[in-house]
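Contents: one structure, followed by commentary.
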Amino acid sequence: NNKGVELKFDYRTGNYVNGERGLKEIMVSNGVANDAALDIIDTASEKGFTIEKCIGLMRERYTDIQDGPGIRSEFFAWFEKNLRPYEDSAGVLKHIHRKKIHLFFVTFGDQKFQQRKIRTLGFHHPDTAIHVVEPPRSKAIIVKWLHCLYDGTILFADDDPSELDRVREAGLTEKQVITVRVARPQSPHKDVEAQHPHKEVTSLAELVPLLS
């Protein structure tokens with residue numbers, strides 16, 4: 001039986017309705033040039049986007065921008081308004097909790113920011129845990145540890161095939177870890193080819209049959 005399910009928020013469980021455009025508008029209204037705003041978003045998104053990273057980069061490049069509550073409140077108002085789960089997420093997460101399967105979010109992002117996402121979407125549950133991976137380590141290290149900790153099969157779902165490949169390269173078999181590529185059309189990794197075989201779904205609802 002599956003002892004745990006690993007998910008990631010962006011492009012798997014939920015996303016931002018007005019993501020890049022909304023962020024860019026806030027930055028431009030605070031004096032950041034349009035092209036610079038896009039570059040700041042890209043840089044802040046490397047290995048886990050956070051609002052604090054975004055503000056830090058703005059202040060590095062535009063020293064006259066004040067690090068105060070005003071700009072933070074703008075960003076977090078955008079966050080609360082635009083953060084949305086995918087339609088298929090809630091039912092699958094309820095199924096996971098009902099089956100008493102442990103749910104893990106393994107992320108390169110900031111733990112507090114990830115916790116805020118989960119609370120905002122109403123996905124918090126006592127059996128939900130967030131594990132942060134510090135680059136250059138891969139998620140495979142945490143997945144391997146979870147498999148050993150719970151002594152059972154872990155389902156690892158991600159939109160980035162390179163992270164799934166690293167699980168196989170770490171020596172974990174399909175009996176130990178079921179690797180599933182979540183092929184959302186919005187994923188920045190949609191054109192990346194996997195080097196190892198993985199199951200593929202386009203909706204989280206398709207994970208249910210795998211959760212024995």
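The values are calculated or read from the model by the stated rules, or taken from the named source; none is laboratory data. Fair warning: this is a prediction, and the values are worked out from it, not measured in the lab. Positions of Cβ are generated from backbone atoms using ideal geometry, with glycine treated the same way; all protein chains shown enter the neighbour counts. Surface accessibility is based on the protein's heavy atoms, side chains included, excluding ligands, DNA and RNA. Shrake-Rupley method; radii C 1.70, N 1.55, O 1.52, S 1.80 Å.
Some values worked out for this structure:
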| item | result |
| --- | --- |
| Long-range neighbours under 6 Å by Cβ, at least six apart or interchain, first residue open to solvent by less than 40 Å² (accessible area, probe 1.4 Å) and among the hydrophobic types (A, V, I, L, M, F, W, C) within segment 7-22, second at pLDDT 65 or above and outside any strand (DSSP E or B) | L7/T13; F9/K117 |
| The listed residue being touching a strand residue (DSSP E or B) at 6+ places or on another chain (Cβ under 6 Å) and either touching a residue at least 40 places away in the same chain (Cβ under 8 Å) or open to solvent by 30 Å² or more (accessible area, probe 1.4 Å) (or both), out of L155, L149, L164 | L155 |
| 3 or more residues of a type in the set (G, A, S): qualifying helices (runs of 4 or more DSSP H) within segment 85-199 | 89-98 |
| Within segment 17-52, tally of residues that are modelled with pLDDT of 75 or more and either under 29 Å from V177 (Cα atoms) or not in a helix (DSSP H, G or I) (or both) | 9 |
| Unmet requirement for I96, which otherwise passes all of (1) of a type in the set (V, I, T); (2) more than 17 Å from the chain's Cα centre (by Cα); (3) open to solvent by less than 10 Å² (accessible area, probe 1.4 Å); (4) modelled with pLDDT under 85 | (4) |
| Cβ pairs under 8 Å, 6+ apart, first in segment 76-92 and in contact (Cβ under 8 Å) with a residue 12 or more places away in the chain, second assigned to a helix (DSSP H, G or I) and of a type in the set (S, T, N, Q) | F79/T120; E80/T120; L83/T120 |
| Residue under evaluation T202, criteria (1) open to solvent by 40 Å² or more (accessible area, probe 1.4 Å); (2) touching a His at 6+ places or on another chain (Cβ under 7 Å); (3) within 23 Å of Y86 (Cβ to Cβ), criterion not met | (2) |
